[in-house]
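Right, one structure below, let's go through it.
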Amino acid sequence: MSAARTAVRIEGRGPVAMALALFLARQGFGPGSILTDPIPDELPDWLASRAIALSLGSWQLLSRVAALPPAAPILRVEASLRGRAGRTRMQATDLRAPALGHVLRYGPLHRALAAALAARQADAAPGEIGAAEAALTVVADGDPGAASKLLDFEQTALLAELVAERDGHGTAFERFTDEGPLALLPLPQPRRHALVWCARPAESARRAELEPPAFEAELRAGFGNALGALRLDSERVLAPLQRKVRGPGGEPGRIAIGNAAQALHPVAGQGLNLGLRDAFELAALLGELRTGGRPLDEAAAAFARARRADRALTVAITDTLAQAFTWPAIARLESLALGALDLAAPARNGFAASLMFGLRNG
Ligand SMILES: Cc1cc2nc3c(=O)[nH]c(=O)nc-3n(C[C@H](O)[C@H](O)[C@H](O)COP(=O)(O)OP(=O)(O)OC[C@H]3O[C@@H](n4cnc5c(N)ncnc54)[C@H](O)[C@@H]3O)c2cc1C
């Protein structure tokens, strides 16, 4: 391999792009062999304030490469069907895990990763950065491209922050309503929760315009009393929901990861988690090639093989959860399934473990 073509170029400035650069550094790639786009100092508020639930696996991966900001541990997940029987709880203690995951906001996570990357580049020898020519380009710009396969959920997520009357003690709530999922995630501040309320676009737009007392009353009717009164304490942001998967047949020498490969419905909080597993797996493969003195662009086929099962399963579970409960004909079956999952601890724990860690080696 020519000495000049030893670098990996990373397109994109989001968490997956930065995580890949940091994982590559752990694989022995020096600052001169990782070419990154300039990281933005400021993000738009709607993005910076987005609550992100990181699985325990993602949290552990990122903790190795960055000093992570304060986050709320998820100690249990309570999933239920609004207005029907069927409820399941997954507890960290059942899995002997310290937490099922952690919730933090996109902005502080972005800043923490950018700081870790800047510290690494500051350590580089003079003239080292940008010295090499890229052997491989990784697309991590969050955009699956125009030729992606699209599934329109005909749902819009209404995002907001709430202060609850009662503490949820680390519970993440997921209510499957016949309009779409409604989630309340714990935030790092006491009694503060992030709301992700998915419904038909016109319904979400109407709710975004309601006066706060009317909005709070409607929310409580939809969510129930688990946290007492809920007070709106932020702007309301609308996010249209579509699943996009990048089409097959990428260009040689280019590999897409994270949302650039697949952008999911937020229902199971899997998008970033899946993207981080992409980044981790790709860094490991590139590390092996580099150590063996082999061309880095050999990674493309092995990467596609290594990621196929995890990607396909995560997309399928997420698509199903996003839509299943909105189809009246199967809602009763889903109710039985949730009830059965609650009775069957191994099934429930297996499901929780795959959401915590994914099929990283699948
Ligand atoms: C409502 C919602 C809730 C979600 N909740 C979760 C969750 O709980 N857990 C989870 O794992 N995933 C969640 N996701 C998915 C998660 O946000 C994405 O999978 C993840 O951000 C993908 O990272 P990425 O680096 O591949 O791309 P992106 O985060 O899209 O980043 C790509 C690039 O776009 C930049 N960028 C994007 N928009 C702008 C803009 N307008 N101005 C400037 N820069 C911009 C970013 O900084 C970056 O440079 C959620 C998504 C949505 C829409």
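Could you look through the stretch 51-65, keep only residues that are modelled with pLDDT of 95 or more and not hydrophobic (A, V, I, L, M, F, W, C), and pick out the one that is farthest from the ligand (Cβ to nearest atom)?
Arg64
Scan the stretch 169-189 for residues that are on the phi < 0 side of the Ramachandran plot, within 16 Å of the ligand (Cβ to nearest atom) and out of contact with any helix residue (DSSP H, G or I) (no Cβ under 8 Å at 6 or more places or on another chain) and report the count.
Qualifying residue count for the region: 6.
Filter the stretch 221-242 down to residues that are under 10 Å from Leu162 (Cβ atoms) and not hydroxyl-bearing (Ser, Thr, Tyr) and give me whichever is surrounded by the most Cβ atoms within 10 Å (Cβ to Cβ).
Initial filter on the stretch 221-242 (under 10 Å from Leu162 (Cβ atoms)): 223, 227, 229-234.
Okay, now just the ones that are also not hydroxyl-bearing (Ser, Thr, Tyr), so 223, 227, 229-233.
Working: Phe223: 22, Leu227: 20, Ala229: 13, Leu230: 24, Arg231: 13, Leu232: 18, Asp233: 13.
Of everything passing the filter in the stretch 221-242, Leu230 is surrounded by the most Cβ atoms within 10 Å (Cβ to Cβ).
Step by step: first the residues of the stretch 240-272, then only those that are of a type in the set (Gly, Ala, Ser) and within 12 Å of the ligand (Cβ to nearest atom), then the one that is farthest from Ile10 (Cα to Cα). Which residue is that?
Top of the filtered list is Ala268.
So, in the stretch 230-258, how many residues would count as being basic (Lys, Arg) and either assigned to a strand (DSSP E or B) or without any contact (Cβ under 8 Å) to a residue 60 or more places away in the chain (or both)?
Count: 4.
Do we find a residue being surrounded by fewer than 19 Cβ atoms within 10 Å (Cβ to Cβ), touching a strand residue (DSSP E or B) at 6+ places or on another chain (Cβ under 7 Å), β-branched (Val, Ile, Thr) and not in a loop (DSSP other than H, G, I, E, B) anywhere in the stretch 193-200?
No, the stretch 193-200 contains no residue that is surrounded by fewer than 19 Cβ atoms within 10 Å (Cβ to Cβ), touching a strand residue (DSSP E or B) at 6+ places or on another chain (Cβ under 7 Å), β-branched (Val, Ile, Thr) and not in a loop (DSSP other than H, G, I, E, B).
What do you reckon, is Ser204 at pLDDT 95 or above and part of a loop (DSSP other than H, G, I, E, B)?
Details: at pLDDT 95 or above: yes; part of a loop (DSSP other than H, G, I, E, B): no.
Here the answer is no, as Ser204 does not meet what is asked.
Using beta carbons and a limit of 8 Å, which pairs, at least six apart or on different chains, have the first residue in the stretch 31-45 and farther than 12 Å from Asp141 by Cα and within 8 Å of the ligand (Cβ to nearest atom) and the second one modelled with pLDDT of 90 or more and outside any strand (DSSP E or B)?
Note: pairs meeting the criteria are Pro40/Arg13; Leu43/Tyr106; Leu43/Gly107; Leu43/His110.
Of the residues in the stretch 172-192, how many are in a strand (DSSP E or B) and modelled with pLDDT of 90 or more? First the steps, then the outcome.
Residues of the stretch 172-192 in a strand (DSSP E or B): 172-177, 180-186, 192.
With the extra rule that they be modelled with pLDDT of 90 or more, the set shrinks to 172-173, 182-186, 192.
Adding up the residues that qualify gives 8.
Determine whether Arg290 is at pLDDT 90 or above and either buried (at least 19 other Cβ atoms within 10 Å of the Cβ) or under 30 Å from Asp167 (Cα atoms) (or both).
It is true that Arg290 is at pLDDT 90 or above and either buried (at least 19 other Cβ atoms within 10 Å of the Cβ) or under 30 Å from Asp167 (Cα atoms) (or both).
Condition first: surrounded by fewer than 19 Cβ atoms within 10 Å (Cβ to Cβ) and assigned to a strand (DSSP E or B). Now tell me which residues in the stretch 133-158 satisfy that.
Thr137, Lys149, Leu150, Leu151, Asp152, Glu154
Identify, by number, the condition in (1) within 30 Å of Gln323 (Cβ to Cβ); (2) at pLDDT 95 or above; (3) away from the ligand (no atom under 16 Å from the Cβ) that Leu276 doesn't meet.
Here Leu276 meets the rest and fails (3).
The values are calculated or read from the model by the stated rules, or taken from the named source; none is laboratory data. Given the structure is predicted, the values throughout are model-derived calculations rather than measurements. Using ideal geometry, Cβ is built from the backbone for each residue, glycine included, and neighbour counts are taken over all protein chains shown.
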